[in-house]
Amino acid sequence: MVGEYHAMRLETGVMLVNALTGEHVHGRAKPPLDGRDLVRVATEVLGGNGQVDLSTAERLRDLASRLRGIIESLSRREHDEAAGLLNRMLVDSKARPSLQRHGEQTWHLHFHGPEADLVQRWTAGLAVSVALAFGEDLPHHVGLCAAPRCDQVYIDASQAQIKRFCGLACQNRVKAAAYRARRSGS
Ligand SMILES: [Zn+2]
């Protein structure tokens, strides 16, 4: 079930990027996270998938920033740059596919060795998932919200890849601004 794990990983990756990085959300400034807040938010995003202390949370934020850089270059259609960043992330993550099984689960493919720590596991998994979505054209593409003063990233699972905004809040905000602009122009 590569597809299912791929989609789940990308969803968590997008949640990490939106929770831990970015300066604006839905037109409003977003205060930077530090210390205990950073640990709390990182823990919430991973939802009990491992213990998060401050240094782990900081490494997760670095990973999220890296992922943001890749999504931003993809959304600018700078594919050579995105491929370069992804290749570097794949190398640094020491991604190494291996079949693993936990308890009663069926065997499934991981992209890290069994000795990898939490951040290494996520780095390897996310590097592979984003690379698959980009290089193999799997569904679930990632993009950057096109609305002004919003740095949120999103997953576009639509066939036609038509999504432009992180959600209805930004879509409506842009529509309303366009409407006001038309009204004042007439
Ligand atoms: Zn937005």
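The values are calculated or read from the model by the stated rules, or taken from the named source; none is laboratory data. A quick note: this is a predicted structure, and the numbers were derived from the prediction, not measured. Quick reminder, even Gly has a Cβ in these numbers, built from the backbone with ideal geometry, and neighbours come from all protein chains shown.
Here are the numbers:
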| item | result |
| --- | --- |
| Qualifying residues in the range 43-79 (those that are hydroxyl-bearing (Ser, Thr, Tyr), farther than 17 Å from residue 18 by Cβ and surrounded by 16 or more Cβ atoms within 10 Å (Cβ to Cβ)) - the one nearest to the chain's Cα centre (by Cα) | 73 |
| Scope the range 1-39; condition closer than 27 Å to residue 134 by Cβ and in a loop (DSSP other than H, G, I, E, B); matching residues | 1, 21, 22, 23, 26, 30 |
| Residue in the range 144-166 that is farthest from the ligand (Cβ to nearest atom), counting only those that are under 18 Å from residue 70 (Cβ atoms) and polar (S, T, N, Q) | 161 |
| Filter pass, residue 42 being under 13 Å from residue 119 (Cβ atoms) and either part of a loop (DSSP other than H, G, I, E, B) or hydrophobic (A, V, I, L, M, F, W, C) (or both) | yes |
| Conditions (1) at pLDDT 95 or above; (2) more than 29 Å from residue 172 (Cβ to Cβ); (3) β-branched (Val, Ile, Thr); number of the one not met by residue 21 | (2) |
| One residue from 95, 133, 169 being within 24 Å of residue 47 (Cβ to Cβ), within 16 Å of the ligand (Cβ to nearest atom), among the aliphatic types (A, V, I, L, M) and outside any strand (DSSP E or B) | 169 |
